[in-house]
Amino acid sequence: MYQLTIDSAPAKLALNFEEVKKRLAAELSRYDGVVVTQETLADAKKLATELNQTAKAIDDRRKEEVAAASEPIKQFDAQMRELVTMCKDGRAKLLDQVKVFEDETRERVRELLIEYRDGQWEDQEVEPEFRKANIDSLAILSNITKAGNLTARAANEVIALVQADRALQDRTHMRIAQLESISYQAGLVTPLTRDHVAGILFADDDTYKAEVERIVQAEVERQKVAQQKLQEQLIKENRMAPPAGYKKPQVSKGE
């Protein structure tokens, strides 16, 4: 903080106000309540002219003295404003540089996060379909060390995000693998596939379980209907078939 040294003294403007006021009042009092006549007309006009000249002289002097007394104040005000402007301009330039540095640092953090996350995806064998870890919220200034490396906290958060991707992958594979056994246990001839559960594959466990049960039941009913129709068709075809050993009679030509 800069120490401002200001030598301030109130402006001193002394005026023989009472003396001039008294003389002026005495001069004007001569005409208080007086009706101007032919005899006093010339004096009245003369006094009016003198009063106008006096008023102008007083007003001009007032302006001169006020301007002279105000000059140091105006100069002081201008100087102080200039110092304020210098501070504000300097601050703006510094903040611009700070923003550039912080933006570049955040971008560097983001690059480090992406590199680390991609490495974790490979290490944990996360398939492309399940690579969903979003590191954008971790691209902050506090996640980089002075040496330019990711902080341990940031690295651990990335690991946790990738582990969540791997957990989703494992759960999804398990769900698909279980479809066959669930289907056969329910009596389906043809087991359900991923296409049957694509819309709920990533739902929570309760929702997924309930929907799979509904789909299986619907497939069981559909299979029953299909089997019944097939059986009816076979019965119909058997009824229309000729008896065993039946030979179609031969017709001789000319008969």
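The values are calculated or read from the model by the stated rules, or taken from the named source; none is laboratory data. Since this is a predicted model, take the numbers as computed values, not measurements. Every residue, glycine among them, receives a Cβ derived from its backbone with ideal geometry; neighbour counts consider all protein chains shown. With ligands, DNA and RNA removed, areas are computed over all heavy atoms of the protein, side chains included. Shrake-Rupley method; radii C 1.70, N 1.55, O 1.52, S 1.80 Å.
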For region 1-57, go through all pairs of different Cα atoms, get the mean of 1/r, take its inverse, and jot down that Kirkwood value in Å. 15.2
Relative to the compact globular guide of 2.2 N^0.38 Å, what is the alpha carbon radius of gyration of region 79-145, as a ratio? 1.85
A 1.4 Å probe over the protein heavy atoms gives region 1-127 a carbon and sulfur accessible-area percentage of 56
With each run of n ≥ 4 DSSP H residues scored as -39500 (n - 2.57), what mean residue ellipticity at 222 nm is computed for the chain after dividing by its residue count and rounding to the nearest 500 deg cm²/dmol? -24500 deg cm²/dmol
With 16 Å as the cut-off, how large is the P(r) tail for region 30-82, expressed as percent of Cα-Cα pairs? 63
Selected from Gln217, Ala177, Ala203, residue furthest toward positive end of dipole (region 149-248; charges at beta carbon): Gln217
Given the options Ala160, Ala177, Ala11, which has the most mean-square fluctuation in a GNM of the chain, springs set between C-alpha atoms less than 10 angstrom apart? Ala11
Could you check the simple spin-label distance between Asp118 and Ala152, using points 7 Å along Cα→Cβ, in nm with one decimal? 2.7
Amide H proximity to Ile144 below 5 Å, modelled H, separation 5+ or other chain, gives Thr151
When N is the residue count of region 176-240, what does its C-alpha Rg come to as a fraction of 2.2 N^0.38 Å? 1.42
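Based only on the alpha carbon positions, what is the Kirkwood hydrodynamic radius of the chain, in angstrom? Please report the intermediate quantities before stating the final value.
On the way: mean 1/r = 0.0317 Å⁻¹.
Roughly 31.5 Å, rounded to one decimal.
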Counting only Cα, what are the radius of gyration and maximum Cα-Cα distance Dmax of region 1-124, in Å? 36.4, 122
Region 105-215: spread of alpha-carbon positions along the three principal axes, whole Å, largest first, is 64, 23, 18
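What number comes out for accessible area per residue over the chain if the probe is 1.4 Å? Units Å², please.
Working: 20450 Å² over 255 residues.
Solvent-accessible surface per residue comes out at 80 Å².
Given a cut-off of under 8 Å on Cα pairs at least six residues apart, what relative contact order in percent is computed for the chain?
Computed value for the chain: 10 percent relative contact order.
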